[in-house]
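Read-outs: derived from the displayed coordinates by stated rules, not from any lab. Keep in mind that this is a model prediction, so the values were computed, not measured. All Cβ positions, glycine included, derive from the backbone under ideal geometry; neighbour counts span all protein chains shown.
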Amino acid sequence: MSQISAFSMPDVQPAPRAHVLLVEDERELAEELAEALSNAGIAVTIAASAAQAVHHIERDPELDTVVTDIMLGDVSGLELLRKLAKIGRGRQIRSVVCSGYASVDHILAALRLGVVDFLPKPVMPDELVEAVRRAIAQQGETREEGPELSRRGVAQLLLNARKKRDSIFGAEMFEDPAWNMMLDLYASTLAGRPVTVSDLCLASGTSATTALRRMTSLVELGLIERVPDPHDRRRVLVRQTERGREAMDRFSEWLRGNVAQQKNV
């Protein structure tokens, strides 16, 4: 694998020629993602801190794509991207941001910085490879339309926006259990997480009785379906139907186009 493991080196060494800089302070995750990129034929260098990332960008003019977490110790990934933009002045450095704790403000700030994609954690290796390939492919291009959020990025933005709204106005003011359930189920489906009837009742933000009633309505509309858990017959899982997934995908595509304009706001 063509990479530098920053975790096994006490001192930062000059980076070999590489295209992708992976900035991640969790060793196991960094190595897993670096391996996925390498297996896809993408050269990658690992930086375990913002300081190492800056060092690599200064020393290696071939680095043109950065993958970074938002939370990096005392320095945020967004601040790192701002620094790299100044250091790499004259170079077009594309970026992909990953995070499990990003707020709506973080996501929108990342978009304004021109990131190619925002990936919620846990990051799926195939999803990262796709985002990085898209970033590499855009080198040298002028992007007027702004970034393209992945569907998981859009789902995370919607979930965070709902939490922000509830923290300001209170959850009761805009109670919408059906939408809450569809959104939570969509995000869980994209992340590959199974959802039980109980999980969806909790996600609805309302009483179990109301949630079950709305769930029945969604089943009758052909948007979701209940299926036995193949691993535990005592549980019932809920999943999107093809119609429900297509509807959420259409909404996601519409929102992606609108959110992309935030780059120019």
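Distance between the modelled labels on D232 and R82, one decimal in nanometres: 4.5 nm (7 Å Cα→Cβ projection). Couplings 3J(HN,Hα) for the stretch 54-68, derived from phi with the Karplus relation 6.51 cos²θ - 1.76 cosθ + 1.60 (θ = phi - 60°), are 4, 4, 5, 5, 5, 8, 10, x, 7, 5, 10, 9, 10, 10, 9 Hz, where x marks Gly and Pro. Modelled this way, with points 7 Å down the Cα-to-C-beta line, the labels at T241 and L255 are 2.2 nm from one another. Scanning residues 5 or more positions from L63 or on other chains, those with amide H under 5 Å from its amide H are A18, with H placed 1.01 Å from N in the peptide plane. Amide hydrogen proximity for R235: with H placed 1.01 Å from N in the peptide plane, the residues at 5 or more positions away or on another chain lying under 5 Å are D229. Global dimensions of the stretch 155-249 from alpha-carbon coordinates: Rg and Dmax equal 13.1, 41 Å.
Residues whose amide H lies under 5 Å from that of M71, counting only those 5 or more places away or on a different chain, are G77; hydrogens are built 1.01 Å from N in the peptide plane.
Quick one: order D117, D60 by neighbouring beta-carbon count within 10 Å, fewest to most.
Numbers: D117 25, D60 17.
Going from least to most buried by this count: D60, D117.
Backbone geometry of the stretch 178-185 corresponds, through the Karplus equation with coefficients 6.51, -1.76 and 1.60 at θ = phi - 60°, to 3J(HN,Hα) couplings of 5, 5, 4, 5, 4, 5, 5, 5 Hz, x marking Gly and Pro.
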